[in-house]
Amino acid sequence: MIVLMHVATGALAGAASGSRARAAVIGPLLHAVCDAIPHEDIPSRRFETASGVAAVLLLARRRGIDAATVGAVASAAPDLEHILPFPRPGGRQLFPTHRWARPVRFRGVPAWLQLAVAVPAVAALARRS
């Protein structure tokens, strides 16, 4: 999924969990589930990074460091290995679902649909401060 979708799903799950500790555990698990769903990515790493950071900052500003914000960060964090120079043992990425080959025949959930779902979800959570 796109980073903004990871932020949105993590924030929703974190808010539902009601606990920062549970949100921190749920986030990476949710990231793996979302990665397992066939999907399109946005080819612009700059857009992916900026939209994800902006959404997390918006949530943190409006809600503080609550379960939703922790869930958002925990769910998006595995994608940091795409932009930071983390070690790659044996040339493989660290997060397990990032190592999987994607099926070429099925494009999956379009990026525009992920944006259409993620933006209102983050906005709604940001309004509930």
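Key figures
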{"item": "R0 of 22 Å, Cβ-Cβ distance GLU81-SER19: FRET efficiency to nearest 0.05", "result": "0.25"}
{"item": "Angle between the chain longest axis and helix 45-63 axis [Cα atoms, degrees, rounded to 10]", "result": "20"}
{"item": "Relative contact order [Cα under 8 Å, 6+ residues apart], the chain, whole percent", "result": "42"}
{"item": "Rough spin-label spacing in nm, given labels placed 7 Å along Cα→Cβ, for ARG128 and ARG107", "result": "3.3"}
{"item": "Estimated dipole of the chain in Debye, rounded to 20 [Cβ of Lys and Arg +1, of Asp and Glu -1, Cα centre]", "result": "120"}
{"item": "With every protein chain in place, the chain: carbon and sulfur % of accessible area (1.4 Å)", "result": "67"}
{"item": "Between 0 and 90°, nearest 10: helix 20-36 axis offset from the chain longest Cα axis", "result": "30"}
{"item": "Relative packing of peptides 8-21, 42-55 - highest average C-beta neighbours within 10 Å first", "result": "8-21, 42-55"}
{"item": "The chain, accessible area per residue, ligands and nucleic acids excluded (1.4 Å, Å²)", "result": "57"}
{"item": "Listed candidates [x] 0.93; [y] 0.97; [z] 1.03 - label of the one calculated as Rg/Rh (Cα atoms, Kirkwood Rh)", "result": "[y]"}
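The values are calculated or read from the model by the stated rules, or taken from the named source; none is laboratory data. Everything numeric in this text was worked out from a predicted model, so none of it was measured. Note: ideal-geometry Cβ built from the backbone for every residue, glycine included; neighbour counts use all protein chains shown. Surface areas here come from the heavy atoms of the whole protein model, side chains and all, with no ligands, DNA or RNA. Shrake-Rupley method; radii C 1.70, N 1.55, O 1.52, S 1.80 Å.
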